[in-house]
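The values are calculated or read from the model by the stated rules, or taken from the named source; none is laboratory data. Since the model is a prediction, treat every value here as computed from it, not as a measurement. Here the Cβ is made from the backbone with ideal geometry for all residues, glycine too, and neighbour counts use every protein chain on show. The accessibility values were calculated without ligands, DNA or RNA, using every heavy atom of the protein model including side chains. Shrake-Rupley method; radii C 1.70, N 1.55, O 1.52, S 1.80 Å.
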Amino acid sequence: MGTTEIRTDGTPGGAPQTPAARPAPEDGRAPGVRPAAAPAPGAPDRWRYARHLDLLAAAGATGVTGEAGAVAAVLRDPDPVMAQSAVVTHLDRRAARLLPDEAFADWARALRSVLEGHAFPARRLREWTLLKAIAGGGSWSPADLAAASDWCQRTAVRSPASDEALALLAASARARGVRTAAARRLHRRATL
């Protein structure tokens, strides 16, 4: 009666293999430090997405330069849709916290160059910059708000938008719900 040998390492003959040496990272990390944005090959997308979000959240505390580098690293993921989705989720979280802060302008400027060539996150950053101008009393164009995405128009209605922005949205937003919400906010402001 023969014995059957079960090999768990996947190599013929069961000989252990030594992993190949990795080249030095090009993104400024110390050698031997594995970025959270580089999950194991074959990891499910939801795990990679969660790791990307963890990396981006941690990078947000390191300063604008570190955050821009982390965003660039995530955007190099082989799945561009998932990577851009993670970056947009991060942008939404960070921009909402930075909106009332003066640091918003430096943050947006640092990320703008990293997002070039990535239409969805670049547009979201432009729209957050528009929302900052509307909420903060900066200069903004009615044409930009009218052409903004439904997401941006909905967010503008919920933000501390100016009466001018609310009047524009009440009159010409694409979505009926946005027009209604803007009209209600204007009415409430007028009766207070």
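Structural remarks
- Among residues of the range 154-192 being outside any helix (DSSP H, G or I) and among the aliphatic types (A, V, I, L, M), the one that is farthest from Gly137 (Cα to Cα) is Ala175.
- Subset of the range 47-95 [under 26 Å from Cys152 (Cα atoms) and of a type in the set (D, E, K, R)]: Asp54, Glu67, Asp79, Asp92, Arg93, Arg94
- Considering residues of the range 76-110 that are touching a helix residue (DSSP H, G or I) at 6+ places or on another chain (Cβ under 7 Å) and part of a loop (DSSP other than H, G, I, E, B) only, the residue nearest to Ala161 (Cα to Cα): Leu99
- Of the residues in the range 95-112, none is among the hydrophobic types (A, V, I, L, M, F, W, C), farther than 29 Å from Arg76 by Cβ and open to solvent by 30 Å² or more (accessible area, probe 1.4 Å).
Quick grid of which residues meet (1) modelled with pLDDT under 95; (2) open to solvent by 30 Å² or more (accessible area, probe 1.4 Å):
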{"residue": "Ala40", "(1), (2)": "yes, yes"}
{"residue": "Arg51", "(1), (2)": "yes, yes"}
{"residue": "Gly60", "(1), (2)": "yes, no"}
{"residue": "Arg76", "(1), (2)": "yes, yes"}
{"residue": "Glu127", "(1), (2)": "no, no"}
{"residue": "Gly136", "(1), (2)": "yes, yes"}
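- Gly117 satisfies every condition listed in (1) open to solvent by less than 20 Å² (accessible area, probe 1.4 Å); (2) within 23 Å of Asp150 (Cα to Cα); (3) not in a helix (DSSP H, G or I) except (1).
- In the range 171-180, the condition of being more than 30 Å from Tyr49 (Cα to Cα), in contact with an Asp or Glu (Cβ under 8 Å, 6 or more places away or on another chain) and of a type in the set (Lys, Arg) is met by at least one residue.
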